[in-house]
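Only the coordinates and a few stated rules stand behind these numbers; no lab work does. Quick caveat: nothing in here was measured; it's all calculated off a predicted structure. Note: ideal-geometry Cβ built from the backbone for every residue, glycine included; neighbour counts use all protein chains shown.
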Amino acid sequence: MLMLYVLSGGIITKKTAGAVCNSNLKVLYKGMMMEVNVMGKNILIITGSPRANGNSNTLAAAFAGGATAAGNTVEVLDACALNMDGCHGDASCHQRGCCGLKDDGVKLHEKMCWADVLVLVTPIYWKSFTSQIKKVVDRLYPFAAPKGRAQCTVKETYLIATANNPDPAVFGPIKEEFDLVNTLLQFECKGQLLCGGLGGPDAIDEHPEYVEAAVRLGVGIGGAKAEASAQQFSKELNYINKLRSRGL
Ligand SMILES: Cc1cc2nc3c(=O)[nH]c(=O)nc-3n(C[C@H](O)[C@H](O)[C@H](O)COP(=O)(O)O)c2cc1C
C-alpha cells in the first residue's frame, strides 16, 4: 500500500493512500507559520508498478506529499490493484456515451470526472508504459469522444517514469506516447520527471535528487506560495526514507 508523507504544521505524518484533504493547511518554515494554497486542486495519481515498494512508488509518494503539503487533495489509484479488463474496442463509448464494461474502469472514470490533474507514474517496461498503465490509457478512450471529453474534469497532466538505463534517450518512446494521450484528450502536460539509472527496487535510495525533484513537482501545483515548503519537506522525506530502508 502506498504511503503518503504529509507535512502539516511542520510535522511529517504518514497516511495511507486515499483522499487527503488539506483546505486549512499550515506549514512551519524557518520559524514562520505560513498558510498554503487553501484552494487546492484535485489530483489523481495512477501508479503502475507491480513492485509496491519500488522506485516509481517512492516517487509517487514524494510527489503526493509535496502536492498535499501545497494544499491540494490527492487520491492514488494503483493500476495493479484494479480489477479491470483491457478495452474491448466495441465502440459503445462512442455510440452510447459511456463504456460498456462494468468493472473497476467505472471507478477510474469516476475519478477522471473528479480530478483537475492526472499524474501517470510508471516504470519503463520495454521502452513503454507497464501493461497496467497501458490498460488505464486504453480505458480513457471514452473521453476522446466529444460528449465524453465534456464529462472529464482533467485539464493538466504529469508523467513520472523510472528506468534501469541511465541514458535519457530511453524515455523517448514514452514521451511520444504521453504526448499523444495529451493531444487526443486535450490535456496540457505540465511536467515530466524521467529518472534513469534505477535498476533494483531500492535504487532510488541512492538518488535523493530524484525524490526532491518529485516533491518539488508536487509542491509546484500549489504555485509559488508553496515553494518554501519544498526544501523542508524533502529534507524530512529523505530522512524518513533512510529509516525505512533500514526497516525502522
Ligand atoms: C518487464 C520489464 C521490462 C523492462 N524494460 C526496461 C527498458 O526497456 N528499459 C530500461 O531502462 N529498463 C527497463 N526495465 C527496468 C525498470 O524500468 C526499472 O527497474 C524501474 O526502475 C522499475 O521501477 P519500479 O521499481 O517502480 O518497479 C524493465 C523491467 C521489467 C521488469
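Some values worked out for this structure:
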| read-out | value |
| --- | --- |
| Per-residue Cβ neighbour rank within 10 angstrom, fewest leading, M84, M112 | M84, M112 |
| Neighbourhood net charge (14 Å Cβ-Cβ; Lys/Arg +1, Asp/Glu -1) for L77 | -1 |
| Order by protection proxy (mean Cβ within 10 Å, highest first), peptides 63-69, 94-100 | 63-69, 94-100 |
| Anisotropy class of the range 160-225 from Cα gyration tensor, a/c 1.5 cut | oblate |
| Distance (nanometres) between label positions extended 7 Å along Cα→Cβ at D205 and R51 | 1.2 |
| Residues V137, V121 arranged by fewest to most Cβ contacts within 10 Å | V137, V121 |
| Cβ-based exposure ranking for T157, T47, in which fewest neighbours within 10 Å come first | T157, T47 |
| Three-way shape label, the range 66-125, alpha-carbon gyration tensor, a/c 1.5 | prolate |
